[in-house]
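> I am attaching a structure below and will ask some questions about it afterwards.
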Amino acid sequence: MSAKDLELKQESRTAGEAGWHASRYNLFAKVPDSKMTAIANLFKGNCAEYTPIECYLLSVLEELDENHPIIERFAKRGIIAKFDERAALEVMGRGTCASSRGIGLTICPTMGCNFDCPYCFEDHFAGKMSPEVQDDVIALVKRMIEASHSSDIHVTWFGGEPLLAPEIIESLSGRLVELAEESGGEYSAGIITNGYLLTQEIVDMLERCKVKSCQVTIDGLGATHDATRYLAGGGPTFDRITSNLRNLKFPFRVSVRHNVHDGNHAEVDDLRSFIEKLAKESGNELHYYPAPVTGSNTADERGKQVGLLCESDASEIGVIQEAGRFATGRGHYCGAHNLWVVGIDASGNLQKCWEAVDKPEISFGTARDWDPTDPFGSASNADNLTMYLNTACPVPDEECRECIWLPTCVGGCPHKRLFGSRQCIAFRDDPESYVLALHARIGEDKDKAGDAETEE
């Protein structure tokens, strides 16, 4: 052996000695009718098939030579790492709290509603946003632009039922668009509406106001929907909402949400087919998605809470939801973990979650007074702000920090954690179903791309 060969041999290390290890966030599932194994990595946001030989090499990873060609392939897909992924999630979570990639506003022009859905998490009360509060909103956004050094603005119109006050949507939209343009930023908007008050005139107004997406809820077919989504004071709504979706021309995407509960989960497939047919007949871009109904203190107090899903059904719906939004792991759950994302009710109270916009007692400030350059000193109740921010990574729960699902759920909904109980992923004990749902999506992408190694 030459001196050079001896030197190379002495310098050679195993992958383990070089710091490589299997990711702590890998999920596995055997692919039916195949020798292949699907592995999803929740930190990287990747899912792919692996041969028995590749699975074996992964199992003995730390014994392989650090220059083994499989190392690069595994690392690219995220199923191995040479850093602490959980520590990285925690850094990402801290960074999210102050990152200013844009200003996010959930604006409620009214907290009133023309519906009285039994599972609604809100208390509704009459009244619309006054001109003075609208001025306060504009002044607040100006302060947020200056403090964040970000001029992009995204608005979600919410309520109550926002279309009870279309004139406020139109007025505020014009002023917000002007603010974004003056500062060199981009403006975008979406709306969450029950769909009952939609007309072509309203749709055209929303288009002028740069609304790019709309969410409408349908709870089932005909009487099934009408049993839970009825007018305040009583009265059916299914025929009118579906007529609007069929006969109006929408220049933007409409997501049709199905709040799945014990009384309508049997209609998931039928409602999906109905919406697909409605999209084809109307030429509108309608997209169906199911979402499990969760507990609501307000609904419980009303004494009219609909039956929640049993665990198996919740798991099935949850798998559909989560597989559809599979993405790179992150250190935050939602905008409640970001200083530059706020909810504004019709009175100008500021909240960190749209499930709290009807609860002024947990507001952290007002549009008139809150100054993001001094976010805690100018807050009327700084604790109501910090309690949401502090549920981001590092999650204040040792069980969550140790959980394999952490990159996906990041501790779950901050509002539910603070004011109810921690809500784990419904299928946390059935990871195989989730991986196979991801694997099915990869197969669909393969067919479209003609690529034998398509990855999510």
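> Would you calculate the separation in nanometres between label points at Lys212 and Tyr289, each defined as 7 Å from the Cα along the Cα-to-beta-carbon direction?
Spacing of the two 7 Å Cα→Cβ label points: 1.5 nm.
> Moving to a separate point now. Computed from these coordinates, which is Rg and Dmax of the Cα atoms in Å: [x] 27.4, 91; [y] 25.3, 76; [z] 24.9, 92?
For Rg and Dmax of the Cα atoms in Å, the calculated option is [z].
> Could you tell me which residue out of Ile71, Ala87, Thr51 lies farthest along the dipole of the stretch 20-109 toward its positive end? Charges go on the beta carbon: Lys and Arg +1, Asp and Glu -1, centred on the Cα centre.
Checking the options against the dipole of the stretch 20-109, the answer is Ala87.
> Something else about it: Whats the longest run of the chain with zero chymotrypsin sites (Phe, Trp or Tyr not before Pro) that are DSSP loop and have at most 15 other Cβ atoms within 10 Å?
It works out to 126-375.
> Order the following by accessible area, largest value first: His261, His21. Probe radius 1.4 Å; ligands, DNA and RNA are ignored.
On the way: His261 10, His21 55 Å².
Ranked from most to least accessible, the order is His21, His261.
> Also, quick follow-up: Just to be sure I understand the model, the point goes 7 Å from the Cα along the line to the Cβ. What's the resulting Ser59 to Ala382 distance in nm?
The answer from the label model is 5.5 nm.
> Could you please state how large a percent of the accessible area of the chain is carbon and sulfur, counting protein chains only and using a 1.4 Å probe? Mind dumping the intermediate values first?
Values: 10330 of 20630 Å².
Using a 1.4 Å probe with all protein chains present, the chain comes out at 50 percent carbon and sulfur.
> May I pose another question? Quick one: how many Å² of Thr373 are accessible to a 1.4 Å probe, rounded to 10?
For Thr373, the solvent-accessible surface is approximately 100 Å².
> Measuring with a 1.4 Å probe in the full set of protein chains, what accessible area per residue, in whole Å², belongs to the stretch 14-82? Let's see the in-between values first.
Working: 3330 Å² over 69 residues.
With the other protein chains kept in place, the stretch 14-82 gives 48 Å² per residue.
> Also, quick follow-up: For the modelled label position 7 Å from the Cα of Glu281 along Cα-to-Cβ, which residues of the stretch 166-205 have backbone nitrogen atoms closer than 20 Å?
Residues 195-200 fall inside that zone.
> Further, regarding this structure: Helix-derived [θ] at 222 nm for the chain: sum -39500 (n - 2.57) over DSSP H runs of at least 4, divide by residue count, nearest 500?
Taken over the chain, the calculation gives -11500 deg cm²/dmol.
> Please give the contour-minus-distance gain from Asp397 to Gln321: 0.36 nm per residue of separation, less the Cα-Cα distance, rounded to one decimal in nm.
Numbers: separation 76, 0.36 × 76 = 27.36 nm, distance 2.46 nm.
In short, 24.9 nm is gained.
> Please work out how much length the chain gains when fully extended from Glu361 to Asp135, using 0.36 nm per residue of separation minus the C-alpha to C-alpha distance, in nm with one decimal.
The Glu361-Asp135 span can extend by a further 79.1 nm.
> Let's test the formula: R0 of 35 Å, r as the Cβ-Cβ distance of Ile70 and Cys424. What FRET efficiency results, to the nearest 0.05?
0.55
> Run the quick spin-label model on Phe83 and Ala98: label points 7 Å from Cα toward the beta carbon, then report their separation in nm to one decimal.
So the two model labels end up 1.9 nm from each other.
> In debye to the nearest 20, how big a dipole does the stretch 332-431 give about its Cα centre with +1 on each Lys and Arg Cβ and -1 on each Asp and Glu Cβ?
For the stretch 332-431, the charge dipole is close to 100 debye.
The values are calculated or read from the model by the stated rules, or taken from the named source; none is laboratory data. Values in this document were obtained by computation on a predicted structure and should not be read as measured data. Note: ideal-geometry Cβ built from the backbone for every residue, glycine included; neighbour counts use all protein chains shown. The area values use the complete protein model at the heavy-atom level, side chains included, leaving out ligands, DNA and RNA. Shrake-Rupley method; radii C 1.70, N 1.55, O 1.52, S 1.80 Å.
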